[in-house]
Amino acid sequence: MLNGEVFDFSPLAEGDTLPAAAISSAWFAGQVERLNGELDLTIFLPLPINYSQAQAFPVPLVNVPDGAVALPQPLAGNDSPVEQEPWPSRAGVIDWTRLITRAEKEAQAAAERLLLAKTELASRNSTAAAQIDRIADRVETLGYGIEAGEATPEDEAEHAALTLSLKAWKAYKFALGKVTTREGWYDSPAWPVESPIPEIVAAPVFSSVETI
């Protein structure tokens, strides 16, 4: 009971949450949850003129037994304390259609983890595809010079090194295609090791902060 309104939260199962908007009362400061078998909620407390520090800075109440809850009291004044008259009892209104169950929260969290993993996979695939195109183009260009007999020893060395790099990047891209079939997807994906990005003077890689 809160200020004469009786709120029955017994249908709230472990891990379930009721948003504040589902509770027809201005005294609830936030959502109501059942955690570890206990109701977890926050309410507003009125502050009298002679409020105490305990009222101004209340501390959480843990493992509260059934029955009336002892709330912080104001400072003692010269006037005799006035006993609060009982509030007329009435049923508090709860919109249970807004209930967020533990299963729904777990499903939402799983969907967010899946989206995060898919986004990361797409990013890695995009990087791999860009590097494969970049390296393959340079390998092809150097190959023209080798076929024409005009390539220098440095060109031939670069061609050999980039051919190995291209092979590594293709293997990496192939491995990315297997990630979703590996154990741990999508909570802890088994990402393959990305190959080093080679330096190609004729095709430099610019960072997002660099300008031409």
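Got a sec? Which of Ala128, Ala109 is among the aliphatic types (A, V, I, L, M) and surrounded by 14 or more Cβ atoms within 10 Å (Cβ to Cβ)?
Selected residue: Ala128, the only one of Ala128, Ala109 that is among the aliphatic types (A, V, I, L, M) and surrounded by 14 or more Cβ atoms within 10 Å (Cβ to Cβ).
Evaluate the stretch 103-126: report whether one residue or more is touching a strand residue (DSSP E or B) at 6+ places or on another chain (Cβ under 8 Å), modelled with pLDDT of 95 or more and either farther than 30 Å from Ser195 by Cα or not assigned by TED's automatic domain parsing to the domain that holds Gln55 (or both).
yes
Against the condition part of a loop (DSSP other than H, G, I, E, B) and either in contact (Cβ under 8 Å) with a residue 24 or more places away in the chain or surrounded by 11 or more Cβ atoms within 10 Å (Cβ to Cβ) (or both), how does Pro65 come out, does it pass?
Answer is no for this residue.
Quick test for you: out of Ser123, Ser165, Ser195, pick the one residue that is loosely packed, with under 14 Cβ neighbours inside 10 Å and of a type in the set (Gly, Ala, Ser).
Checking each option against the conditions leaves just Ser123.
Does any residue of the stretch 158-166 turn out to be at pLDDT 95 or above, among the polar types (S, T, N, Q), in a helix (DSSP H, G or I) and over 24 Å from Trp191 (Cβ atoms)?
So far as the stretch 158-166 goes, yes, one or more of its residues are at pLDDT 95 or above, among the polar types (S, T, N, Q), in a helix (DSSP H, G or I) and over 24 Å from Trp191 (Cβ atoms).
How many residues, within the stretch 139-179, are within 14 Å of Ser195 (Cβ to Cβ) and hydrophobic (A, V, I, L, M, F, W, C)?
Within the stretch 139-179, residues that are within 14 Å of Ser195 (Cβ to Cβ) and hydrophobic (A, V, I, L, M, F, W, C) number 10.
Does the stretch 25-39 contain at least one residue that is of a type outside the set (A, V, I, L, M, F, W, C), exposed (fewer than 15 other Cβ atoms within 10 Å of the Cβ) and outside any loop (DSSP other than H, G, I, E, B)?
Within the stretch 25-39, one or more residues are of a type outside the set (A, V, I, L, M, F, W, C), exposed (fewer than 15 other Cβ atoms within 10 Å of the Cβ) and outside any loop (DSSP other than H, G, I, E, B).
Within the stretch 2-9, is even one residue aliphatic (A, V, I, L, M), modelled with pLDDT under 90 and either more than 34 Å from the chain's Cα centre (by Cα) or outside any helix (DSSP H, G or I) (or both)?
yes
What are the pairs, 6+ residues apart or on separate chains, where a residue within the stretch 95-110 that is basic (Lys, Arg) has its Cβ under 9 Å from a residue that is part of a helix (DSSP H, G or I)?
Between residues of the stretch 95-110 that are basic (Lys, Arg) and residues that are part of a helix (DSSP H, G or I), the close pairs are Arg98/Ala21; Arg98/Ala22.
Between Pro204, Pro198, Pro192, which is touching a residue at least 60 places away in the same chain (Cβ under 8 Å) and either farther than 30 Å from Glu33 by Cα or not assigned by TED's automatic domain parsing to the domain that holds Asp16 (or both)?
Exactly one residue qualifies, and that residue is Pro198.
I'd like to check something: does the stretch 139-160 contain any residue that is of a type in the set (A, V, I, L, M, F, W, C) and in contact with a Pro (Cβ under 9 Å, 6 or more places away or on another chain)?
No: the stretch 139-160 contains no residue that is of a type in the set (A, V, I, L, M, F, W, C) and in contact with a Pro (Cβ under 9 Å, 6 or more places away or on another chain).
Which residues, taken from the stretch 172-192, are loosely packed, with under 12 Cβ neighbours inside 10 Å and either within 17 Å of Ile135 (Cβ to Cβ) or in contact with a Leu (Cβ under 6 Å, 6 or more places away or on another chain) (or both)?
Correct list: Phe174 only.
The values are calculated or read from the model by the stated rules, or taken from the named source; none is laboratory data. Please read these numbers as outputs of a predicted model, since none were measured by experiment. In this analysis, Cβ positions are derived from the backbone assuming ideal geometry, glycine residues included, and neighbour counts consider all displayed protein chains.
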